[in-house]
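The values are calculated or read from the model by the stated rules, or taken from the named source; none is laboratory data. Bear in mind that the values here come from a model prediction, so they are computed numbers and not experimental data. Glycine also receives a Cβ, built like all others from the backbone with ideal geometry; neighbour counts cover every protein chain displayed.
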Amino acid sequence: MYELPIRRLRIYDTPKVTSHFNSLDTDALASRFGAPVSRTFLDAYLSRIFDDGALVYGAFPDSCLRGVGELRTVPDRQNQVAELAFTVETAWQDRGIGDALLSRIIAAARNRGFREVHMMCLATNQRMRRLASKHKADLKLVTGQVEATLTPPWPTPFSLVEEISGEYHALARAILTWPRIEVRGGR
């Protein structure tokens, strides 16, 4: 098995993120947001996806963005709490992309000192429930949804190096697969 390239996305990746979300069908979008969403809602959401210090990660199994994961701080004065969510294009599901994104997001939460990470999914979303269980999440049924609570371990120097190394590896791979532009009429 190859290492799946996952890197942190930045504001300049907005067109890729928008294209990814636009490629999702209505069921995938309803799974991501917990209810059907309108185009207006999606456009507004995407216009501020990088706001408020959100960490957004992308999976590039074939050098194209096929999965997006998000980690956001939850305002809580007593605890370091975050929420996470992710999407994987339907044709790319069941290939380990969701697992890799979740692992990367948990590592990011760990290295930033979050003590709890929450993830919500529809009660009918068996894939997400299995994935949360695989990562030892505490699952609780809440009115048609399942809330998964993950407790990342404390950061270590090794976990910090692992995150940095993964980021540089994914960035190097992106540079090496960057589309070449042919210049005509030059010397």
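Below is a table of values for the structure above.
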item: Residue among VAL117, VAL68 that alone is closer than 27 Å to PRO153 by Cβ, surrounded by 15 or more Cβ atoms within 10 Å (Cβ to Cβ) and modelled with pLDDT under 95; result: VAL117
item: Which numbered condition LEU42 fails, given (1) free of Cβ contacts under 8 Å to residues at least 12 places away in the same chain; (2) touching a helix residue (DSSP H, G or I) at 6+ places or on another chain (Cβ under 9 Å); (3) in a helix (DSSP H, G or I); result: (1)
item: Residue match in segment 130-148 (condition: in contact with a His (Cβ under 7 Å, 6 or more places away or on another chain), charged (D, E, K, R) and either more than 30 Å from PRO15 (Cβ to Cβ) or buried (at least 21 other Cβ atoms within 10 Å of the Cβ) (or both)); result: yes
item: Candidate set: segment 1-42, residues that are under 22 Å from GLY53 (Cα atoms) and basic (Lys, Arg); chosen: the one surrounded by the fewest Cβ atoms within 10 Å (Cβ to Cβ); result: ARG10
item: Residue within segment 97-107 that is closer than 19 Å to HIS169 by Cβ, of a type in the set (Lys, Arg) and assigned to a loop (DSSP other than H, G, I, E, B) present; result: no
item: Inter-residue pairs, beta-carbon under 8 Å, first more than 17 Å from GLY67 (Cα to Cα) and modelled with pLDDT of 90 or more and in segment 102-114, second part of a helix (DSSP H, G or I) and of a type in the set (A, V, I, L, M, F, W, C), 6+ apart; result: ASN111/LEU160
